[in-house]
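Q: Here's a structure for you.
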Amino acid sequence: MAFKLFKNGDELYEDSKELIKRGEFAKARDYLVKSIDKDGGIDDVAAVQVALIDLSGRLTNVNAYQSLLSALNKLKSSSTVEFGLDTIDAEELKTECALTIRKIQLLSSSGSGEALMQKGKDLQALAQDFQSKIGSRSLIVMSLFKKDTSVTGNTEFYNLMAVSYETMADGTVFDNPQQAAEYQQIAAGYRQQNGQSTEENMRKVREYSRTCTCWVCGRVATGQGIHFYSAPADVSPSLKDSASSAADSRADTKHIYICRACYSAISNRSDEISRQYYQQSMQQMQAMEARLQAQIVALQSQIAFARMGR
C-alpha cells in the first residue's frame with residue numbers, strides 16, 4: 001500500500017473546510033494558503049476564507065475589514081462563501097464590511113465643536129444605511145465569531161443614532177447647554193428603544209439643564225460641570241440665598257455653586273500659591289541638605305585628625 005507524503009492543492013482545500021468546522025482556524029489558514037499556492041480548490045473563495053480567519057481575532061480592526069472587502073471584490077467564481085457550517089452571501093457580507101469600516105473610522109475620529117456636529121450627522125447617515133441595507137438581518141461577522149444573532153441592522157441603527165446625538169451634545173454643550181440637554185434626551189430615547197440603559201443620558205440632561213447663581217460673583221450660569229461647579233464649603237444656616245437670586249447659589253449646607261470663571265480663577269491662584277510653597281519648601285530642604293552635608297564633612301575631618309593623632 002502506497003503512502004502519500006504530500007497533499008495536492010485540492011486535498012488541502014477540502015481538509016481546510018473540516019478544520020474550519022472544528023474551529024481550528026490557524027491550521028485551516030495554513031492549509032488554505034498552501035492550496036492557493038498549489039492552485040488547488042477555488043482560489044478566490046479560499047482568499048475570502050483566509051481574510052475571514054484573519055478577521056476573527058480582530059473584530060474592531062479596520063484593516064482586517066478592508067482586507068476582507070478587497071477579497072470579496074475579487075470574488076468571481078461564486079456568489080456565496082462556505083465557512084464551516086455557514087453559507088455566506090457575498091454581497092451581504094460586502095455591504096456589512098463597507099458599513100463596519102465607516103463605523104470604526106467614524107467612532108475613532110476626534111475633534112470639538114463643529115467637527116463633532118459633523119461627526120454626529122455622519123453617524124446618523126451611517127445609522128440609516130444600516131437600517132435600509134441590512135434591516136432586521138443579523139450581522140454576519142457577529143453571528144460567525146461571537147455566536148450572537150441579536151445584533152442586526154436595526155439594533156445598529158438605534159445604537160448609532162444614540163451615539164450621534166451624544167456626539168452632537170458634546171459638540172454643543174460648551175456654547176449651548178440647553179441644546180446639549182435636548183440632544184441627550186433624544187439619545188436616551190434611542191437607547192431605550194434598543195433595550196439599553198439611559199441612566200448616563202438622563203444624568204447629563206439634569207446637569208446640563210441645571211441653573212445656578214454663582215456664590216462668588218452673583219452671575220447666573222447654566223450647565224453643571226460645564227459652566228458651574230459644586231464646591232465644598234462650610235455654609236452656616238443663616239447664610240441663605242438672596243430672594244432676588246435667579247437660581248440657587250448652594251446645593252446644601254456643605255456645598256456652594258461657583259461659576260466656571262470664578263472657579264478657574266480661584267483654582268489658578270491656588271495653584272500659584274501651592275507652587276510658591278513648593279518652591280520655598282524645596283529651597284529650605286536644599287539648604288538643610290547643604291548644612292547637613294557640611295556637618296558630615298566636618299565630622300569626617302575630625303575623625304580623620306583623631307586617627308592621625310593616635
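Q: Mind ordering 54-62, 134-142 by average Cβ neighbours within 10 Å, highest first?
A: Details: 54-62: 14.4, 134-142: 17.1.
Descending mean neighbour count gives 134-142, 54-62.
Q: The chain: Rg/Rh from Cα coordinates, Kirkwood Rh?
A: Rg/Rh for the chain comes to 1.29.
Q: Something else: Only four residue types carry charge here, +1 at the Cβ of Lys and Arg and -1 at the Cβ of Asp and Glu. Report the dipole size of the chain about the Cα centre in Debye, rounded to the nearest 20.
A: Working: 36 positive and 37 negative charges, 263 e Å.
Charge dipole, the chain, about its Cα centre: 1260 debye, nearest 20.
Q: To make sure I understand the rule: partners must be lysines, Cα under 22 Å from the Cα of Lys204, and not fewer than 8 residues away in the same chain. Which ones qualify?
A: Filter leaves Lys119, Lys121.
Q: Starting from the amide H of Phe83, placed 1.01 Å from N in the peptide plane, find each other amide H under 5 Å away whose residue is 5 or more places distant or on another chain.
A: When sequence neighbours closer than 5 places are left aside, the close amide H contacts are Ile88.
Q: Longest span of the chain, sites excluded, free of chymotrypsin sites (Phe, Trp or Tyr not before Pro) in DSSP loop with at most 13 other C-beta atoms within 10 Å? Intermediate results must be reported in sequence, preceding the final value.
A: Details: sites that count: Phe3, Phe6.
Longest run free of exposed loop sites: 7-310.
Q: Region 1-90: which GluC sites (Glu not before Pro) are DSSP loop and have at most 16 other beta-carbon atoms within 10 angstrom? If you can, show how the numbers build up before the last one.
A: Details: sites: Glu11, Glu14, Glu18, Glu24, Glu82; in loops: Glu24.
Listed in order of number, the matching sites are Glu24.
Q: Provide the FRET efficiency to the nearest 0.05 for the Ile273-Gln293 pair, computing r from the beta carbons and using R0 = 35 Å.
A: Numbers: r = 30 Å, r/R0 = 0.86.
Computed FRET efficiency for Ile273 and Gln293 comes out at 0.70.
Q: Determine the relative contact order of the chain: mean sequence separation of Cα pairs under 8 Å and six or more apart, normalised by residue count, in whole percent. Provide the component values of the computation, followed by the final result.
A: On the way: 412 pairs, mean separation 26.1, N = 310.
Relative contact order comes out at 8 percent.
Q: Separate question: Output ³J(HN,Hα) for region 8-24: one whole-Hz value per residue in order, computed from phi by the Karplus curve 6.51 cos²θ - 1.76 cosθ + 1.60 with θ = phi - 60°, and x for Gly and Pro.
A: Karplus values, whole Hz, x for Gly and Pro: 7, x, 5, 5, 4, 5, 5, 5, 4, 4, 5, 5, 5, 4, 8, x, 8.
Q: Using the charge dipole of the chain (Lys, Arg: +1 at Cβ; Asp, Glu: -1 at Cβ; taken about the Cα centre), state which of Cys262, Phe145, Gln293 has its Cα farthest towards the positive end.
A: The Cα lying farthest towards the positive end belongs to Gln293.
Q: Moving on to the next point. Would you list, by chain and number, the lysines whose Cα falls below 19 Å from the Cα of Lys21, excluding same-chain residues fewer than 8 positions away?
A: Output for Lys21: Lys34, Lys146, Lys147.
Q: What percentage of the solvent-accessible surface of the chain, computed with a 1.4 Å probe over protein heavy atoms, is contributed by carbon and sulfur atoms? Before the final figure, lay out the partial values.
A: Working: 9340 of 18520 Å².
Answer for the chain is 50 percent, counting heavy atoms of protein chains only.
Q: Report the equivalent ellipsoid semi-axes for region 1-128 in whole Å, largest first, defined as the square roots of five times the eigenvalues of the gyration tensor built from alpha carbon atoms. Before the final figure, lay out each step's value.
A: Values: eigenvalues 282, 37, 24 Å².
Computed over region 1-128, the values are 38, 14, 11 Å.
Q: Out of all DSSP beta bridges in the chain, what portion is antiparallel? Express it as a percent rounded to 5. Please report the intermediate quantities before stating the final value.
A: Details: 14 of 15 bridges.
Antiparallel: roughly 95 percent of the beta bridges in the chain.
Q: Using the alpha-carbon atoms, what tilt in degrees (0 to 90, nearest 10) does helix 90-108 show relative to the longest principal axis of the chain?
A: Its long axis makes an angle of about 10 degrees.
The values are calculated or read from the model by the stated rules, or taken from the named source; none is laboratory data. Just so you know, these numbers come straight off a predicted model, no measurement behind them. For neighbour counting, all protein chains shown are included, and Cβ atoms are generated from backbone atoms with ideal geometry for every residue, glycine included. Keep in mind that these areas ignore ligands, DNA and RNA; they rest on the heavy atoms of the full protein, side chains included. Shrake-Rupley method; radii C 1.70, N 1.55, O 1.52, S 1.80 Å.
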